[in-house]
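The values are calculated or read from the model by the stated rules, or taken from the named source; none is laboratory data. What you see is a predicted model, and the numbers here were worked out from it, not measured in a lab. For neighbour counting, all protein chains shown are included, and Cβ atoms are generated from backbone atoms with ideal geometry for every residue, glycine included.
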Amino acid sequence: MTRLSVNINKIATLRNARGGNNPDVIKTACDIESFGAQGITVHPRPDERHITKNDVYQLKDKITTEFNIEGYPDQRYIKIIEDIRPAQATLVPDKPDQLTSNHGWDTVNDGEELRVIVEKLKKICRVSVFVDADCDMVKAARDCGADRVELYTQSYAENYLKNKEQAIEPFVKAAECARQCGLGLNAGHDLSLENLEYYHKIIPWTDEVSIGHALVCDSLYYGLKNTVSMYLRCLK
């Protein structure tokens, strides 16, 4: 079964735009779980422009499904993981001022650095490394000690309408490589109601998809509960 982990960063963005606590990020996360999502993802960036450190600590005892915390593995992030002890830590190579993730780790050249971090975090939780759909990067993530890789799916999403078979081809190869390496497999970035069902049909052994921006946008039209159900149907 492929689990749906909902990234609630954009809920926090909306709250922060006005101040106060509307929408209530903690309540929304709990509601999303009650609607059937099997996980909650957050990415607490240093500038706290969406999810704040305080949000993460408040969510610690509220999340009843899988809690996935994304981030660049600096000392601040590592301290959060040590304190919260989530189900999964997803390591991303984002710079502190980066708008959003736009590439995976170079696990070949950054392997030594990552190996030390992964070894430390694996004592606490499952560790996933964000990579491009490239077999060399997948294999090097395994060599770093990662439990899973998360495939960066933006190029698939961008090219889906042009030629979906061609768009997904490198992801199939990378996913097969992950399976051969004994790695768990996640996917995320720009997956949507438009392209998720096909992705899952072709790569059904995906363990988890992390979806935030598109799901929150869709909820403006369909309502949050209905939207979560629609995404779950794409994964059946």
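Here is how the numbers come out for the structure above:
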item	result
Residue that is out of contact with any His (no Cβ under 8 Å at 6 or more places or on another chain), under 26 Å from Arg85 (Cα atoms) and not charged (D, E, K, R), where the choices are Ala146, Ala175, Ala133	Ala146
Enumeration of residues in the range 203-236 that are touching a residue at least 60 places away in the same chain (Cβ under 8 Å), farther than 16 Å from Phe171 by Cβ, crowded, with 20+ Cβ neighbours inside 10 Å and touching a Leu at 6+ places or on another chain (Cβ under 7 Å)	Tyr231
When residues of the range 134-180 are limited to those that are basic (Lys, Arg) and surrounded by 15 or more Cβ atoms within 10 Å (Cβ to Cβ), the one nearest to Asp207 (Cα to Cα)	Arg148
Qualifying residue in the range 97-104 (condition: assigned to a helix (DSSP H, G or I) and buried (at least 22 other Cβ atoms within 10 Å of the Cβ))	no
Checklist (1) crowded, with 16+ Cβ neighbours inside 10 Å; (2) in a loop (DSSP other than H, G, I, E, B); (3) not basic (Lys, Arg) applied to Pro46, failing item	(1)
Single condition His200 does not satisfy, out of (1) in contact with a strand residue (DSSP E or B) (Cβ under 8 Å, 6 or more places away or on another chain); (2) buried (at least 19 other Cβ atoms within 10 Å of the Cβ)	(2)
Single match in Glu176, Glu169, Glu194 (criterion: in a loop (DSSP other than H, G, I, E, B) and farther than 26 Å from Ile51 by Cα)	Glu194
Test: residue in the range 58-77 that is among the hydrophobic types (A, V, I, L, M, F, W, C), touching a residue at least 40 places away in the same chain (Cβ under 8 Å), crowded, with 17+ Cβ neighbours inside 10 Å and touching a strand residue (DSSP E or B) at 6+ places or on another chain (Cβ under 7 Å)	no
Filter pass, Ala37 being out of contact with any Ser or Thr (no Cβ under 6 Å at 6 or more places or on another chain), of a type in the set (Gly, Ala, Ser), under 27 Å from Lys123 (Cα atoms) and buried (at least 18 other Cβ atoms within 10 Å of the Cβ)	yes
Any hit, the range 208-228, residues being in contact with a helix residue (DSSP H, G or I) (Cβ under 7 Å, 6 or more places away or on another chain) and in a loop (DSSP other than H, G, I, E, B)	yes
Any chance Lys162 is free of Cβ contacts under 8 Å to residues at least 40 places away in the same chain and not in a helix (DSSP H, G or I)	yes
Hits in the range 93-125 (condition: of a type in the set (A, V, I, L, M, F, W, C), over 19 Å from Lys139 (Cβ atoms) and at pLDDT 95 or above)	Leu121, Ile124, Cys125
Residue satisfying all of: in the range 99-141; within 18 Å of the chain's Cα centre (by Cα) and of a type in the set (Lys, Arg); nearest to Arg179 (Cα to Cα) among these	Arg126
